[in-house]
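The values are calculated or read from the model by the stated rules, or taken from the named source; none is laboratory data. These numbers were taken from a predicted model, which means no experiment stands behind them. Note that each Cβ is placed from the backbone with ideal geometry, even for glycine, and that neighbours are counted across all protein chains shown.
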Amino acid sequence: MGRLRFLTTGESHGPALSAAIEGIPAGLRLTADQIALDLARRQRGYGRGARSASIEQDRAEIMAGVRHGLTLGSPILLLIRNRDWANWTRVMQIEPLTDEQAAELAGMVEAGDKKATPITHLRAGHADLAGATKYGFDDVRNILERASARETAARVAAGSVARALLAELGIDVWSYTAEVAGVAIDPAVAIDPAVAIDPAAAARSREEAEASPLRCPDAAAEERMIARINEARSAGDTAGGVIEVVATGVPIGLGSHVQWDRRLDAALAGAVMSIPIVKGVEFGLGFEQTRRFGSAVMDVIEGRDAAGVWSRATNNAGGLEGGMSNGQPIVVRGAVKPISTLPRPLPSADLVTGRSVEKGHYERSDICVVPATGVVAEAMVCLTLADFVLDKFGGDSLPELLDNLARYRQRVAAGPAAESTARNAAGGAAPAESE
């Protein structure tokens with residue numbers, strides 16, 4: 001990241017998670033209630049487990065960077081306390097154990113307390129084996145606490161700050177569930193990348209989709225998705241799917257073609273791919289483009305209207321060409337793998353002995369987190385877009401940023417001829433070439 005940077009800290013069963021965000025301009029309205037909306041959306045969804053449903057009711061406290069409801073331009077610190085910490089204080093204690101505390105912990109192990117018992121039975125699909133080997137641990141607890149998807153709560157909180165900034169610029173980001181366990185929505189009722197949901201297809205409105213069990217625009221497909229999740233639950237299994245994120249109002253020209261690390265599509269792909277459960281990312285038609293001839297893929301440019309807005313016949317590119325936003329809605333899809341922690345664990349091996357064991361470690365798990373993953377993906381898209389907006393338009397305060405963006409949009413609307421005229425007027429005629 002460039003102008004906008006963020007880091008998260010914390011363990012799944014530690015005292016708290018936190019996110020530090022640097023680069024947000026001064027003067028942005030920001031409250032804990034705004035952030036709470038996205039945190040609540042992350043915890044909902046059919047197929048979630050007990051921790052999301054009842055144990056943790058996430059709320060971020062704004063600890064720094066905001067005064068009287070307005071950002072100061074200084075780093076913002078968000079703190080999300082883990083309510084479950086009360087049940088893990090000795091197991092996850094930060095300070096060194098006294099002799100008495102060590103004896104207490106040993107007694108918990110002898111009594112069969114699963115929380116206190118070192119984890120050596122590895123779980124397929126997790127960071128257990130690679131992480132423990134890399135850092136030299138003999139207890140997988142030291143890896144799984146940070147590798148846990150619980151960390152994404154801090155990302156969603158940070159993404160909510162970026163969302164507030166983008167909203168001031170007229171940029172909106174939303175996601176929905178497009179597929180679960182092989183059951184996909186009907187393309188006729190999917191989100192129209194140019195607007196919202198096609199009303200002619202009798203699809204749910206955005207508000208209705210948001211309130212549905214799987215955050216899905218297709219009610220009929222959602223029923224079949226829920227049946228698949230129930231099937232997985234009955235079998236002691238888990239289910240994955242596909243999420244789609246749509247960003248509208250993105251100005252043309254974010255990113256650049258000149259270097260690999262300035263390409264917006266690459267940054268967005270990396271951001272969404274960084275979500276632990278996401279195993280594939282595509283834009284627009286994505287891999288479907290490989291099955292068509294070029295004439296059926298490229299988005300025909302229809303022209304520029306009186307307001308200076310360029311239109312396309314389609315949006316197969318997903319709003320991105322040459323590493324830059326092209327003014328069309330940005331459409332990003334993520335492939336969400338089934339959750340690795342299975343209620344009926346697979347055979348595995350022991351970290352210390354290396355021998356096979358009947359089953360891997362099991363810790364509380366969800367059955368399906370596709371809707372929640374969409375909310376996390378929104379956060380990563382918001383953070384990435386905000387970074388690229390700040391990189392292009394700058395501004396230490398929100399009014400300065402808005403002014404820079406407004407003047408840019410005016411130049412874009414006027415077209416290159418007007419910009420060339422203004423440039424010549426400012427710099428004078430070009431000198432004649434010498435013979």
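Give me the pairs: first residue in the stretch 132-155 and closer than 13 Å to Pro118 by Cα, second residue among the β-branched types (Val, Ile, Thr) and outside any loop (DSSP other than H, G, I, E, B), beta-carbon distance under 8 Å, and six or more apart or on different chains, which are they?
Note: pairs meeting the criteria are Ala132/Ile143; Phe137/Ile143.
State which residue is farthest from Ser365 (Cα to Cα) when the search covers only the stretch 213-252 and only residues that are among the β-branched types (Val, Ile, Thr) and outside any helix (DSSP H, G or I).
This residue is Ile252.
For residues in the stretch 91-126 being touching a residue at least 24 places away in the same chain (Cβ under 8 Å) and of a type in the set (A, V, I, L, M, F, W, C), which is farthest from Glu11 (Cα to Cα)?
The selected residue is Ala124.
Of the residues Asp84, Asp113, only one is in contact with a His (Cβ under 7 Å, 6 or more places away or on another chain), surrounded by 12 or more Cβ atoms within 10 Å (Cβ to Cβ) and at pLDDT below 95; which?
On inspection, the qualifying residue turns out to be Asp84.
Which of the residues spanning the stretch 363-400 are of a type in the set (D, E, K, R) and modelled with pLDDT of 95 or more?
Scanning the stretch 363-400 gives Glu378, Asp387, Asp391, Lys392, Asp396, Glu400.
Out of Ile24, Ile35, report the one residue that is surrounded by 20 or more Cβ atoms within 10 Å (Cβ to Cβ) and closer than 17 Å to Glu378 by Cα.
Ile35
Conditions first: (1) at pLDDT below 95; (2) over 22 Å from Leu385 (Cβ atoms); (3) touching an Asp or Glu at 6+ places or on another chain (Cβ under 8 Å). Gln57 passes all but one, so which condition is the exception?
Among (1) at pLDDT below 95; (2) over 22 Å from Leu385 (Cβ atoms); (3) touching an Asp or Glu at 6+ places or on another chain (Cβ under 8 Å), Gln57 violates only (3).
Among the listed residues Thr71, Thr98, which satisfies the condition of being β-branched (Val, Ile, Thr) and crowded, with 20+ Cβ neighbours inside 10 Å?
Result of the check over Thr71, Thr98: Thr71.
What residue, of Ala211, Ala219, Ala266, is at pLDDT below 95 and under 21 Å from the mean Cα position of the chain (by Cα)?
When all the criteria are applied, what remains is Ala211.
Evaluate the following for Ala16: is it closer than 30 Å to Glu400 by Cα and either modelled with pLDDT of 95 or more or buried (at least 18 other Cβ atoms within 10 Å of the Cβ) (or both)?
Considered against the rule, which asks whether it is closer than 30 Å to Glu400 by Cα and either modelled with pLDDT of 95 or more or buried (at least 18 other Cβ atoms within 10 Å of the Cβ) (or both), Ala16 comes out as no.
Could you look through the stretch 281-320, keep only residues that are of a type in the set (Lys, Arg) and in contact with a strand residue (DSSP E or B) (Cβ under 7 Å, 6 or more places away or on another chain), and pick out the one that is surrounded by the fewest Cβ atoms within 10 Å (Cβ to Cβ)?
Checked the stretch 281-320; the qualifying residue surrounded by the fewest Cβ atoms within 10 Å (Cβ to Cβ) is Arg304.
Looking at the structure I just gave you, is Gly360 of a type in the set (Gly, Ala, Ser), at pLDDT below 95, under 30 Å from the mean Cα position of the chain (by Cα) and closer than 30 Å to Val336 by Cβ?
Considered against the rule, which asks whether it is of a type in the set (Gly, Ala, Ser), at pLDDT below 95, under 30 Å from the mean Cα position of the chain (by Cα) and closer than 30 Å to Val336 by Cβ, Gly360 comes out as yes.
Residue by residue, here is whether (1) assigned to a strand (DSSP E or B); (2) closer than 30 Å to Gly47 by Cα; (3) β-branched (Val, Ile, Thr); (4) free of Cβ contacts under 8 Å to residues at least 40 places away in the same chain holds:
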position: Ala271; (1), (2), (3), (4): no, yes, no, no
position: Ile275; (1), (2), (3), (4): no, yes, yes, no
position: Lys279; (1), (2), (3), (4): yes, yes, no, no
position: Glu282; (1), (2), (3), (4): yes, yes, no, no
position: Glu288; (1), (2), (3), (4): no, yes, no, yes
position: Asn315; (1), (2), (3), (4): no, no, no, no
position: Gly334; (1), (2), (3), (4): yes, yes, no, no
position: Thr341; (1), (2), (3), (4): no, yes, yes, no
position: Leu346; (1), (2), (3), (4): no, yes, no, no
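If you go through the stretch 135-169 one residue at a time, how many are out of contact with any His (no Cβ under 8 Å at 6 or more places or on another chain) and over 27 Å from Arg44 (Cα atoms)?
Number satisfying all stated conditions: 7.
Test each condition in (1) charged (D, E, K, R); (2) part of a loop (DSSP other than H, G, I, E, B); (3) crowded, with 16+ Cβ neighbours inside 10 Å for Arg42 and report the one that comes out false.
For Arg42, the failing item is (2).
Can you find even one residue in the stretch 308-325 that is closer than 30 Å to Ala147 by Cα, of a type outside the set (Val, Ile, Thr) and more than 20 Å from the chain's Cα centre (by Cα)?
Within the stretch 308-325, not a single residue is closer than 30 Å to Ala147 by Cα, of a type outside the set (Val, Ile, Thr) and more than 20 Å from the chain's Cα centre (by Cα).
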